[in-house]
Amino acid sequence: MDIRKKVASSTTNPLNDRNKDTNKNLQIKLLAEYFSEKPKTMYQAEQETGVKIANICRFIVKDAEKRYHTQGGGN
């Protein structure tokens, strides 16, 4: 039983930690800075920043939705 607890605690996903939002905010800031330099592909962004493509897509969609709703497009 003790071995199971050790394995479970050592294999838990670090993103389930309390720092999850902090990490996400850092990734968003990093990507905003990265894409502000010049247009790049998501693959280039993943390779150079270490942020996974799935996260990049998620951040872009959420940003677009936020902009759409703040401009009154969701009537």
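Bear in mind these aren't lab numbers, they're just calculated from the coordinates by the rules spelled out. As the structure is a prediction and not an experimental result, all values here were calculated from the model. Virtual Cβ from ideal backbone geometry, glycine too; neighbours counted across all protein chains shown.
Expressed per residue, the C-alpha convex hull volume of region 19-60 stands at 62 Å³. Extending 7 Å from Cα along the Cβ direction at K52 and again at T70 yields two label points whose distance is 2.8 nm.
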